[in-house]
Amino acid sequence: MSEPIDFEGAIADALGAANDADSHVELDPETFHPSQIARCQRRAYCSKLGLDDQSGLPGVFQTGTLIHEFLEEYLADRLSHAEFEREVTHRERGIMFTGRADCYDPDAGAVYDFKTRNGWYNFDPPTQRHLDQVYVYMAALGVERGQIVYLSKNDLEVRTYPEDGFFEFDAERFGTLVEKANRIQHVIETEGLPTGPEDIPFEPCDCFFCDNESLIDAEEFPGVDQEVPADADD
């Protein structure tokens, strides 16, 4: 008689196959995803270079992905004028931003970004990193208005920021995001890729994500496999 199906192992394998941990890793100095540059300087650097340990997150990512796919599939016919998963690229002062905007409404000249939550405890928008991510999409698409659509994973209840209408593009704030990207770009160009945690050039800040930092093993850092120039010791 066969053994019971190992659903725990099978689901773990399926999640690993469905979630590519390297999909947002950009080892070149100039490329950033909007979700990365919206984080603090250290977390943006670590996310860009794939230094964060995400081994415990595939289930979280997949849940959010499934909700996004549901919205795209069932809203596309009902909102035929809108574009879902709109690919964007935008070059600014030597930086290339690349990503996908969840929803672009050319008629309204607006970008919408979907965020999933476990519930509404401590829900007090706006969250600056959420705004910053949308500012990059807005810059790329040349629009002045945005809205963040929050969805509860429990029952898909929707709340938005702002509650009614849109927030406006903040050119000054977007400029600070480009400056942050330029600082990270400069460090990678001058210091190369990190070979271990001690090479991370930015100190942890007091944000939640730095307080709960978990990095990949040192032997997996991208700089470990860098080729040393032949004249490096000359």
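Which of (1) open to solvent by 60 Å² or more (accessible area, probe 1.4 Å); (2) at pLDDT below 95 is the odd one out, the single condition Asn19 does not satisfy?
(1)
Against the condition at pLDDT below 95, surrounded by fewer than 15 Cβ atoms within 10 Å (Cβ to Cβ) and either within 21 Å of the chain's Cα centre (by Cα) or over 25 Å from Thr65 (Cα atoms) (or both), how does Ala232 come out, does it pass?
On the way: at pLDDT below 95: yes; surrounded by fewer than 15 Cβ atoms within 10 Å (Cβ to Cβ): yes; either within 21 Å of the chain's Cα centre (by Cα) or over 25 Å from Thr65 (Cα atoms) (or both): yes.
So Ala232 passes the test.
Give the residue that is farthest from His33 (Cα to Cα), with candidates limited to residues of segment 141-170 that are touching a residue at least 60 places away in the same chain (Cβ under 8 Å) and surrounded by 15 or more Cβ atoms within 10 Å (Cβ to Cβ).
Within segment 141-170, the first condition is being touching a residue at least 60 places away in the same chain (Cβ under 8 Å), and the residues that meet it are 151, 153, 156.
Those left that are additionally surrounded by 15 or more Cβ atoms within 10 Å (Cβ to Cβ): 151, 153.
Numbers: Leu151: 22, Lys153: 24 Å.
So the residue we want is Lys153.
Within segment 110-130, can you find the residues that are surrounded by fewer than 19 Cβ atoms within 10 Å (Cβ to Cβ) and either farther than 21 Å from His68 by Cα or in contact (Cβ under 8 Å) with a residue 40 or more places away in the chain (or both)?
Phe114, Thr116, Tyr121, Asn122, Asp124, Pro126, Gln128, Arg129, His130
Sort out which residues of segment 48-82 are closer than 23 Å to Leu151 by Cβ, modelled with pLDDT of 80 or more and under 15 Å from the mean Cα position of the chain (by Cα), and write them in order of number.
Passing the criteria: none in range.
Return the only residue of Arg100, Arg173 being over 15 Å from the mean Cα position of the chain (by Cα) and open to solvent by 20 Å² or more (accessible area, probe 1.4 Å). Spell out how you get there, then give the answer.
Details: Arg100 fails: over 15 Å from the mean Cα position of the chain (by Cα).
From the options Arg100, Arg173, the qualifying one is Arg173.
Looking at segment 183-212, which of its residues are closer than 14 Å to Glu30 by Cβ, open to solvent by 60 Å² or more (accessible area, probe 1.4 Å) and over 20 Å from the mean Cα position of the chain (by Cα)?
His186, Glu189, Thr190
Going by the conditions given, is Leu215 touching a residue at least 60 places away in the same chain (Cβ under 8 Å), among the hydrophobic types (A, V, I, L, M, F, W, C) and surrounded by fewer than 17 Cβ atoms within 10 Å (Cβ to Cβ)?
Details: touching a residue at least 60 places away in the same chain (Cβ under 8 Å): yes; among the hydrophobic types (A, V, I, L, M, F, W, C): yes; surrounded by fewer than 17 Cβ atoms within 10 Å (Cβ to Cβ): yes.
Yes; evaluated as a whole, the condition is true for this residue.
The values are calculated or read from the model by the stated rules, or taken from the named source; none is laboratory data. In this text, all values refer to a predicted model and were calculated from it rather than measured experimentally. In this analysis, Cβ positions are derived from the backbone assuming ideal geometry, glycine residues included, and neighbour counts consider all displayed protein chains. Just so you know, the surface numbers come from the protein's heavy atoms only, side chains and all, with ligands and any DNA or RNA stripped out. Shrake-Rupley method; radii C 1.70, N 1.55, O 1.52, S 1.80 Å.
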